[in-house]
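Working notes, structure below.
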Ligand code: 4NP
């Protein structure tokens with residue numbers, strides 16, 4: 001949260017059923033492996049899937065890496081998120097643009113793209129796997145894992 005020492009990270013994609021829940025799962029997993037305490041959540045800019053579980057293909061790729069996300073439920077970004085989270089991390093440019101428009105002027109949340117946190121990949125989007133095959137979800141997992149590790153490295157160095 002912005003007024004405490006512990007960062008709170010919100011990942012945002014379009015539907016909150018593919019990329020951002022996988023980013024949430026990857027960051028929780030990587031943070032736990034490093035013994036880092038963080039608040040982590042995800043949301044979508046769209047409302048089509050609100051209340052629903054992650055896409056079965058997202059659940060499958062997470063399960064292949066030993067992580068269960070079937071209990072996650074999609075929600076839409078809300079204005080209060082800009083006060084609750086210290087870092088709001090978009091999965092692509094469209095969602096980053098929408099977050100910039102939604103952001104209340106007083107918000108101190110830091111907005112970024114996930115791959116901005118990966119050396120050499122700043123400005124790259126995480127491709128939307130929704131309309132493709134399962135191989136797209138493997139690429140998403142690889143990207144969100146790299147992003148989660150880079151984000152943890154950045155958070156660690158900003159606290160030194
Ligand atoms: P996500 O993927 O933004 O990574 O969750 C999508 C999920 C659903 C849709 C688009 C993208 N949709 O059009 O319903």
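Read the figures in this text as sums done on the coordinates, not as results from a lab. Please read these numbers as outputs of a predicted model, since none were measured by experiment. Cβ coordinates were reconstructed from backbone atoms using ideal geometry, including for glycine residues, and neighbour counts include every protein chain displayed.
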Arrange 143, 41 by Cβ neighbour counts within 10 Å, fewest through most, would you? 41, 143
Averaging over every viewing direction, what projected area does the convex hull of the Cα atoms of region 1-91 cover, in nm²? 5.7
The residues 130, 72, sorted from fewest to most surrounding Cβ atoms within 10 Å, come out as 130, 72
Just the ratio, please: alpha-carbon radius of gyration of the chain over 2.2 N^0.38 Å, N its number of residues. 0.95
Sorted by Cβ neighbour density within 10 Å, fewest at the top, the residues 69, 9: 69, 9
Given that compact globular proteins tend to follow 2.2 N^0.38 Å, what is the ratio of the alpha-carbon Rg of region 67-160 to that value? 1.16
Running a GNM on the chain with Cα contacts under 10 Å, which residue among 99, 115, 38 ends up with the highest mean-square fluctuation? 38
Express in nm, to one decimal, how much length is gained between residue 159 and residue 39 on full extension, taking 0.36 nm for each residue of separation and deducting their alpha carbon distance. 41.6 nm
